[in-house]
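Have a look at the structure below before the remarks.
The values are calculated or read from the model by the stated rules, or taken from the named source; none is laboratory data. Everything quoted here is computed from the prediction, not taken from an experiment. Every residue, glycine as well, gets a Cβ built from its backbone with ideal geometry; the counts of neighbours run over all protein chains shown.
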Ligand code: TGC
Ligand code: FAD
């Protein structure tokens, strides 16, 4: 009997049948971009902790993925599912690349698009969509990560102006950004501010020595008496629901993105196991290996089914925050487990940057933490199930 030819992990359930032609075209274009422009350099960028962000942002702008699911102002206006599939391909290359696109499109651009004035939209969105400008999103503080309601950064009125003081922490793209969306406590509620990063009193020292998301810039934002005009405030956002609405967008991208990293790891592990002899036979021919591969493929396909379900809900305008938490919790947790298990299959080779596996596993540690830790998403789902909040 001839052995059947191998099936790629995501073809196990013929998931392509769930995706429309236009969505596939977008996905395939992003995959080609990653193959040509990102993958050949990724290990070096990670090793050197250096990403050519300005060049990449312009290329990603030309590709049309920056703020691609937003309407108008130079944005492509695609479906949410198409955006998710783009995130999947970007994160298959590296979580840092997906982060760059998430923070630009889902956090900085979305905040301005959803809550900004016409003037703010016209000033920033076309530049950000084209990748000529870079944006960041400052919510987290040194002492307030999971609980942003306690933030200390404050904005006080001085005549018509606002004066901002405070420190934000762990801010993706911070040191390279042209514009920062900064959330601050005011006398009334939490408000969002559009802060040009050349404003006097603004600085963004880079956080170094990271062992995860090395191909991504992460920074502090320091605001010392930063004076902004009255129209720097996002007029349509008041209260914590403003930033949390933006987080829903970025978390949605991660639901699709994280399984991209897992897919890359699993395809690498399968290929490795087929070609690696142990005890004079291919590693892939041992039952223990096949059990690992089968379990990982099942989890990967389940993760993509979940992502596609959430994509359809979002496209229908019916997605709810706790459903996004289900996806972020499951898909990041399972993708990290897959990356670690793949590392065992590659054994010693699995710890080097010759293969993408340890890089993805290390990156996914950050993905597990940012955009709401697993515990925060467990609590969100727990609250939905019981009606009882257990955050405090
Ligand atoms: P709570 O009292 O429950 O709610 C305050 C107000 O917000 C509303 N709300 C939401 N609105 C939209 N979307 C959501 N997901 C929402 N969750 C709550 C709520 O209705 C209320 O509105 P209103 O009008 O009554 O004022 O808030 P809480 O203080 O108890 O906190 C809830 C909790 C813990 C879930 C929230 O603080 C949380 O999600 N914490 C995690 C913080 C987080 O995820 N930070 C991420 C920072 S950005 C980042 O990590 C970027 S990583 C880079 C990349 O993406 O690549
Ligand atoms: P903490 O909130 O101190 O949590 C510590 C531990 O306590 C965690 O395990 C947590 O789950 C647990 N915990 C907290 N509260 C509870 C509870 N109620 N019950 C049980 N357990 C709990 N932020 C931004 O604003 N913008 C960005 O661009 C950005 N980019 C980032 C990039 C990277 C690489 C990283 C690592 C982080 C980034 N962040 C960003 C910050 C990120 O969102 C926070 O790290 C995250 O929200 C967690 O906050 P924390 O690290 O302060 O952890």
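Observations, loosely collected:
- A single entry from 85, 70, 10, 90 fulfils the requirement of being crowded, with 16+ Cβ neighbours inside 10 Å and at pLDDT below 95: 10.
- Unique residue being under 25 Å from residue 207 (Cα atoms) and surrounded by fewer than 21 Cβ atoms within 10 Å (Cβ to Cβ) when the list is 55, 25: 55
- Test: residue in the range 373-384 that is more than 30 Å from residue 5 (Cβ to Cβ) and more than 15 Å from ligand 1 (Cβ to nearest atom): no
- Considering each residue of the range 113-127 in turn, none proves to be surrounded by 24 or more Cβ atoms within 10 Å (Cβ to Cβ) and either within 10 Å of ligand 1 (Cβ to nearest atom) or assigned by TED's automatic domain parsing to the domain that holds residue 169 (or both).
- Criterion (more than 20 Å from residue 337 (Cα to Cα), in the same structural domain as residue 187 (by TED's automatic domain parsing) and either over 25 Å from the mean Cα position of the chain (by Cα) or in contact (Cβ under 8 Å) with a residue 12 or more places away in the chain (or both)) met by exactly one of 227, 276: 227
- Residue 191 meets each of the listed conditions (1) under 30 Å from residue 208 (Cβ atoms); (2) within 16 Å of ligand 1 (Cβ to nearest atom); (3) in contact with a helix residue (DSSP H, G or I) (Cβ under 9 Å, 6 or more places away or on another chain) apart from (1).
- Hits in the range 155-178 (condition: within 27 Å of the chain's Cα centre (by Cα) and away from ligand 1 (no atom under 16 Å from the Cβ)): 178
- Residue check, residue 389 over 21 Å from residue 82 (Cα atoms), surrounded by 15 or more Cβ atoms within 10 Å (Cβ to Cβ) and either within 16 Å of ligand 1 (Cβ to nearest atom) or at pLDDT 95 or above (or both): no
- Qualifying residue in the range 346-359 (condition: within 16 Å of ligand 2 (Cβ to nearest atom), under 21 Å from residue 213 (Cα atoms), buried (at least 22 other Cβ atoms within 10 Å of the Cβ) and in contact (Cβ under 8 Å) with a residue 24 or more places away in the chain): yes
- Residues within the range 315-328 that are surrounded by fewer than 23 Cβ atoms within 10 Å (Cβ to Cβ) and assigned to a helix (DSSP H, G or I), tallied: 5
- Qualifying residue in the range 308-330 (condition: within 16 Å of residue 264 (Cα to Cα), away from ligand 1 (no atom under 16 Å from the Cβ) and at pLDDT 95 or above): no
- Residue in the range 254-270 that is outside any strand (DSSP E or B) and in contact with a strand residue (DSSP E or B) (Cβ under 8 Å, 6 or more places away or on another chain) present: no
- Where residue 316 falls short, out of the listed (1) under 30 Å from residue 181 (Cβ atoms); (2) out of contact with any helix residue (DSSP H, G or I) (no Cβ under 7 Å at 6 or more places or on another chain); (3) away from ligand 2 (no atom under 16 Å from the Cβ); (4) touching a residue at least 12 places away in the same chain (Cβ under 8 Å): (4)
- Selection status of residue 155, buried (at least 23 other Cβ atoms within 10 Å of the Cβ) and within 21 Å of residue 131 (Cβ to Cβ): no
- Of the residues making up the range 97-132, those that are within 21 Å of the chain's Cα centre (by Cα), over 19 Å from residue 63 (Cα atoms) and without any contact (Cβ under 8 Å) to a residue 60 or more places away in the chain number 1.
- Qualifying residue in the range 201-217 (condition: outside any loop (DSSP other than H, G, I, E, B), surrounded by 23 or more Cβ atoms within 10 Å (Cβ to Cβ) and away from ligand 1 (no atom under 13 Å from the Cβ)): no
- Subset of the range 58-109 [over 14 Å from residue 131 (Cβ atoms), away from ligand 2 (no atom under 16 Å from the Cβ) and assigned to a helix (DSSP H, G or I)]: 80, 81, 82, 83, 84, 85, 86, 88, 89, 92, 93
- One residue stands out in the range 229-252 among those that are buried (at least 22 other Cβ atoms within 10 Å of the Cβ) and more than 16 Å from ligand 2 (Cβ to nearest atom): the one that is farthest from residue 323 (Cα to Cα), namely 232.
- Checking each residue in the range 139-166 for being within 20 Å of residue 206 (Cβ to Cβ) and either within 12 Å of ligand 2 (Cβ to nearest atom) or assigned to a loop (DSSP other than H, G, I, E, B) (or both) picks out 139, 140, 141, 142, 145, 153.
- Test: residue in the range 186-197 that is surrounded by fewer than 22 Cβ atoms within 10 Å (Cβ to Cβ), touching a residue at least 60 places away in the same chain (Cβ under 8 Å) and out of contact with any strand residue (DSSP E or B) (no Cβ under 7 Å at 6 or more places or on another chain): no
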